[in-house]
Amino acid sequence: MKKIKNITLIAFVVLAFNSCSVYNFTGTGKIDAKTFQVNYFQNTAELIEPGIERTFTLRLQDLIQNQTNLSLTNSGGDLVYEGEITDYRITPMTATADQRAAQNRLTIKVNVRFTNKKKEADDFEKSFSFFYDFPGTNLPTGAQLTTALDEIFERITQDIFNDSLAKW
């Protein structure tokens, strides 16, 4: 009787994993591609913060490498990510009694063109944006800017990943 239970359990586990070929533990669906490339994202925003385009490009590359088994390539990738940073904006969100900003918001918007050479139906062009709120007495420089960019880029790159590969 115990032997039948063990065989049944093993058969169930094997069937469960075999039937789930469209899902894996990283959250991506079945990917026919082997390689990806992330072209350099230019910064075309009216307000330019030097270096954020390089930081964003590297963050997107790192996220895809860490969450898939795709190989990064400089050209000829099965999956291609390209686009530009279109907006870098600081806006006051709340004011004090003496008309000073009590809280500011840094918003970054990125336009992305995704091309899947193996499955053209997955291609898209879409804008992604996110924000970071900080005290009105602070300027987005140094550690404050690093923290803001970390949070904003983490969210935007994850959203791009979800739309292009996870299909969430």
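A short reminder: the numbers here are calculations on the coordinates, not readings from a lab. As the structure is a computational prediction, the values presented were derived from the model and not from experiment. Here the Cβ positions follow ideal geometry from the backbone for every residue, glycine too, while neighbour counts run over all protein chains shown.
Would you point out which residue out of 104, 43, 69 is more than 23 Å from residue 164 (Cβ to Cβ) and more than 15 Å from the chain's Cα centre (by Cα)?
Sole residue among the options that is more than 23 Å from residue 164 (Cβ to Cβ) and more than 15 Å from the chain's Cα centre (by Cα): 104.
Considering only residues that are of a type in the set (S, T, N, Q) and in a loop (DSSP other than H, G, I, E, B), which ones fall in the stretch 37-54?
Selection gives 39, 44.
Within the stretch 137-168, how many residues turn out to be in contact with a Phe, Trp or Tyr (Cβ under 7 Å, 6 or more places away or on another chain) and among the basic types (Lys, Arg)?
Adding up the residues that qualify gives 1.
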